[in-house]
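Participant: Dropping a structure here in structure tokens format, bear with me for questions.
Derivation of every value follows stated rules applied to the coordinates shown; laboratory data play no part. This one's a predicted model, so the numbers in the text were calculated from it and none came from an experiment. Quick reminder, even Gly has a Cβ in these numbers, built from the backbone with ideal geometry, and neighbours come from all protein chains shown.
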């Protein structure tokens, strides 16, 4: 079994990663607080211009800290009417420090009464330290932006994101325990398939 660190303390993200990892018995995912390191957990400035660049910045920093393979993610909300914003700046859309409530308020203000509220979540997962080159995978989740927040589950923009074909917000669906193939789940499924394939090749050699 290969141990891999997931570089996040977000419980929601970790739950989604673990949901997928459970289907791959040759992979064990660890949290940062399960790592014994000589220095504090790194603080990574997400200064990249793309999701992949930010995911790799975080993955490399945590790999150097933990001395083991690391998966890191970067996720953004892309709104059609806003030409893809907030995108890579989703977590700090309303400025620093990151404030989910203010981010949502800014998003809803910018959309106003606009009827074209199509949007999608994008997640990039990057794994470093297992193979000579990083392994990356992408997942998306389509939907639209609601007029107001609702639901008591999830995090970030989940309370204003209505997945395609649903009437409840993502926060409402998560709060009800619904099983969803979110952007992060889709990315994790692809990444773990690639990881499992790589591990199988190493064993056969």
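Participant: Can residue 5 be described as crowded, with 16+ Cβ neighbours inside 10 Å and in a helix (DSSP H, G or I)?
Facilitator: no
Participant: Now a separate question. How many residues are within 30 Å of residue 20 (Cβ to Cβ) and outside any loop (DSSP other than H, G, I, E, B) if we restrict to the stretch 80-126?
Facilitator: 19
Participant: To continue, here is another question. Take the residues of the stretch 161-187 that are in a helix (DSSP H, G or I) and out of contact with any strand residue (DSSP E or B) (no Cβ under 6 Å at 6 or more places or on another chain): which is nearest to residue 138 (Cα to Cα)?
Facilitator: 185
Participant: What residue, among those in the stretch 139-160 that are farther than 18 Å from residue 12 by Cα and in contact with a strand residue (DSSP E or B) (Cβ under 8 Å, 6 or more places away or on another chain), is surrounded by the fewest Cβ atoms within 10 Å (Cβ to Cβ)?
Facilitator: 142
Participant: Moving to a separate point now. Among the listed residues 69, 32, which satisfies the condition of being surrounded by 18 or more Cβ atoms within 10 Å (Cβ to Cβ), free of Cβ contacts under 8 Å to residues at least 40 places away in the same chain and within 30 Å of residue 179 (Cβ to Cβ)?
Facilitator: 32
Participant: Exactly one condition in (1) buried (at least 16 other Cβ atoms within 10 Å of the Cβ); (2) more than 19 Å from residue 73 (Cα to Cα) is not met by residue 188; state its number.
Facilitator: (2)
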